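Working notes, structure below.
The values are calculated or read from the model by the stated rules, or taken from the named source; none is laboratory data. Quantities reported herein were computed from a predicted structural model and do not represent experimental measurements. Cβ sites come from the backbone with ideal geometry, for glycine too, and all protein chains shown count toward neighbours.
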């Protein structure tokens with residue numbers, strides 16, 4: 001929260017110093033956004049570490065007057081190998097987050113804009129651990145698939161006619177189905193566990209997006 005206040009204050013000083021209008025006088029624009037929060041993580045230490053973080057790395061918006069179609073995508077793909085004595089352990093993680101929705105916009109002055117909307121969201125996560133053994137390898141895996149959505153709200157600041165920064169918060173609810181497979185006790189008849197749950201994710205406005213318009 002403290003970092004967000006600092007950024008807001010910095011942008012407000014920029015507003016006071018600027019005299020010219022930097023608004024694009026067009027009805028239709030396309031916007032590409034990049035979440036740079038990870039690159040700036042050393043500067044931000046807010047009090048919401050226990051809350052979910054914004055998972056979307058890239059955003060795309062097709063803007064028509066004061067409305068926009070919005071799309072966000074994020075993910076992670078990691079693989080690593082660990083050694084323990086004569087055994088080898090291969091660990092893999094795959095994560096994909098996708099959202100799409102519609103937003104409405106309201107300008108405040110020449111540089112600030114408030115936006116709010118409603119999204120559909122989807123999430124997929126898969127993790128596996130492969131243990132090397134004789135005669136066959138053993139793989140412990142888990143998979144989770146979810147669908148849901150909810151409202152979103154944010155604020156955007158125009159730096160130049162084609163470059164802006166923004167932050168937003170959202171509250172998504174997901175219906176999740178999971179499956180875990182554990183063959184450690186019996187490699188030929190692995191234990192399979194299926195789960196169903198509902199998860200609510202409130203995300204604070206702690207992410208910073210750099211937006212390019214064209």
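Residue-by-condition table, conditions (1) part of a strand (DSSP E or B); (2) surrounded by fewer than 14 Cβ atoms within 10 Å (Cβ to Cβ); (3) touching a helix residue (DSSP H, G or I) at 6+ places or on another chain (Cβ under 6 Å):
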| residue | (1), (2), (3) |
| --- | --- |
| 178 | yes, no, no |
| 181 | yes, no, no |
| 189 | no, yes, no |
| 193 | yes, yes, no |
| 196 | yes, yes, no |
| 211 | yes, no, no |
Taking the range 50-77 and keeping only residues that are under 22 Å from residue 39 (Cβ atoms) and more than 14 Å from the chain's Cα centre (by Cα), one is left with 61, 77
Look through the range 20-44, keep the residues that are assigned to a loop (DSSP other than H, G, I, E, B) and farther than 21 Å from residue 206 by Cβ, and return whichever of them is modelled with the highest pLDDT.
27
Would you check if there is a residue in the range 153-162 being surrounded by 19 or more Cβ atoms within 10 Å (Cβ to Cβ) and farther than 24 Å from residue 63 by Cβ?
no
Consider residue 76 carefully, then state whether it is assigned to a strand (DSSP E or B) and without any contact (Cβ under 8 Å) to a residue 24 or more places away in the chain.
yes
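Residue by residue, here is whether (1) more than 15 Å from residue 118 (Cβ to Cβ); (2) buried (at least 16 other Cβ atoms within 10 Å of the Cβ); (3) modelled with pLDDT under 95 holds:
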residue	(1), (2), (3)
66	yes, no, yes
74	yes, yes, no
84	yes, no, yes
88	yes, no, yes
91	yes, no, yes
100	no, no, no
103	no, yes, no
